[in-house]
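Have a look at the structure below before the remarks.
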Amino acid sequence: MPDLRSRIFRAKYENIRALSIKNRGSANFLDSPGSFVFNNAVVYVKRRLGFERNKRKMKVSKRAQEVPTSATIAVTSRAQELKAQGVDVVGFGAGAPDFDTPDYIKEAAIESLKAGQTKYTAAAGVIELRKIIADKLRKENGLNYTPEQVIVNIGGKHSVYEAMQAVLDPGDEVILATPYWVTYPETIKLAGATAKIIETGKSTGYKITPAQLEAAITDKTTMLLINSPNNPGGFTYTPDELKAIAKVLEGTNVLVISDEIYEKLIYGDTKFVSFASLSEDAFNRTLTLNGFSKTYSMTGWRLGYTAGPLEIIKAMGRLQSHMTSNPVTFCQYAAIAALGEPSAAAIEQMRAEFERRGKYMSDRLNGIEGVECTEATGAFYCFPDVSAHYGRNINGANITGSMDFAKALLEQANVALVPGLPFGCDNNVRLSFACSLEQITKGLDRLQEWLSQ
Ligand SMILES: Cc1ncc(COP(=O)(O)O)c(C=O)c1O
């Protein structure tokens, strides 16, 4: 007669066995039904006896589970993996300028460290920096913000996240036109709100029209996101197009987030205008977002900023005081230098080089059969439509959309670009021209050859 302990043990074993058989075919399925039952039983027994307590599957919040890794980061990682294996990959995935941070900015950071500026500062950033940002916005953008209406964040990405957290509640809707930067829908979701996606296309240059905007506004609409110059589209809204959007918003309670991080990287006769400068109404309803990553090639320094209505900036400041505290102290002093005198020449050198590469890239892309590309007017991306190749089989790979296209191109021709699907445009792919002309030529030669098979 077995004792009580072993009878309980036996009953539990039978239970898990029955459960395992019922769940056959689940994600835990190992080599064969038998081994599945056996393995589960062993794991169960070990857990009950306390041997595998630390192997328990840990809880991850629903919120975190629902956020995928950024598609741009995923493609870069795979390209890096191949490079590490010795494969000669041409990378068009970069979201960072390939220039070094100008020396005068680095020197300011070194001076700051030597001066002992290594402690906490005010959570929203040192007042000298907030003042110089307010000056910049007044002189260059025609925006009259006080320094208190400016907060320095830990990168533009943080500005976006914090703005969403400060403004949105569950049930709120945010109007987001395709193509959009991958981070926007995720930060909207993380704030419990809903992204109302508006599809654009080639016919409007991938820009939302006033009629589309008007039709999308409901009593739940809390926010409209505008990103010009645009990532991934490489297009820029004209001042007239922005004015027409501002007109639609008059009389509504819709807040605009104007992400102007590529402001200085514009080409040809493109004119940049800050949304908030269009009218008093636009000024009062806009959060202007900008940062140092793209203009000064400072992606690793993590510096962004937001300017706008005082109550929202204060709310962001309260959140920031608990989330991160201040941006890195000596980086803030380097940012003060970045906005100073020598900046114009350094920016122009980079801008002119991007212009040359962007033109070359779009000309070459348009020369490839089944590829259609509008010349970039801003940022450093081409966003060609490659959908004419969907439905083909290339070297055994079925190309049904941008994900297959990017995957097969990387694996077969060793060219890394970013699929358009995560930006809301499956017909397109994104190629960054933040790499040398030599790399661009090599990568486009490969792309052309691959598609001509
Ligand atoms: C449209 C847009 N906004 C904001 C950012 C944020 O840049 P960072 O966090 O480096 O300042 C990026 C970066 O890729 C971007 O493309």
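Read-outs: derived from the displayed coordinates by stated rules, not from any lab. Here the structure is a predicted model, which means the values were calculated and not measured. Cβ coordinates were reconstructed from backbone atoms using ideal geometry, including for glycine residues, and neighbour counts include every protein chain displayed.
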Exercise for the section: Would you calculate, for the chain, the mean residue ellipticity at 222 nm contributed by helices, counting each DSSP H stretch of 4 or more residues as -39,500 (n - 2.57) and dividing by all residues, to the nearest 500? Expected result: -13500 deg cm²/dmol
Handout entry: Size of the range 116-342 as Cα extents on the principal axes (Å, biggest first)
Key = 55, 42, 30
Problem - Residues TYR262, TYR360 arranged by fewest to most Cβ contacts within 10 Å - result: TYR360, TYR262
Exercise for the section: Quote the charge dipole size of the chain about the Cα centre in Debye, to the nearest 20; the model charges only the Cβ of Lys and Arg (+1) and of Asp and Glu (-1). Expected result: 2880
Handout entry: Within straight-line cross-link reach of LYS114, lysines at Cα separation under 21 Å, skipping those fewer than 8 residues along the same chain
Key = LYS106
Completion exercise
At q = 0.13, 0.17, 0.21, 0.26 Å⁻¹, the log10 of I(q)/I(0) for the range 157-240 from a Debye sum over equal Cα scatterers comes to -0.40, -0.68, -1.00, -1.34
Completion exercise
Ordering 286-293, 95-102 by per-residue average of other C-beta atoms within 10 angstrom, highest first, gives 286-293, 95-102
Handout entry: Modelled FRET efficiency - R0 45 Å, GLU148 with ALA74, Cβ distances, 0.05 increments
Key = 0.70
Practice task
Mind pulling the angle between the C-alpha long axis of helix 329-338 and the longest principal axis of the chain? Nearest 10 degrees, somewhere in 0 to 90.
Solution key: 40
Exercise for the section: Ratio to report: Rg/Rh of the range 226-354, with Cα atoms as the point set and Rh obtained by the Kirkwood method; give two decimals. Expected result: 0.99
Practice task
In whole angstrom, note down how far apart the Cα centers of the range 353-383 and the range 389-445 are.
Solution key: 14
Handout entry: For the range 345-422, the Rg and Dmax computed from alpha carbons only, in angstrom
Key = 14.6, 50
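Rg(Cα) of the chain divided by 2.2 N^0.38 Å?
1.15
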Fill in the blank from the handout: Expected sort for 330-340, 156-166 on mean C-beta neighbours within 10 Å, highest first, is 156-166, 330-340
Practice task
Select from the range 365-446 those GluC sites (Glu not before Pro) which occupy a DSSP coil region and have at most 15 other Cβ atoms within 10 Å, ordered by residue number.
Solution key: GLU369
Problem - Surface/4 of the Cα convex hull for the range 391-452, nm² - result: 4.1
Exercise for the section: Consider just the alpha-carbon atoms of the range 197-248 and return their Rg together with their Dmax, both in angstrom. Expected result: 11.1, 32
Problem - Computed E for TYR390/LYS359 - FRET, C-beta separation, R0 25 angstrom, nearest 0.05 - result: 0.40
Problem - Whole-number percent relative contact order across the chain, with pairs defined as alpha carbons under 8 Å at least 6 apart - result: 20
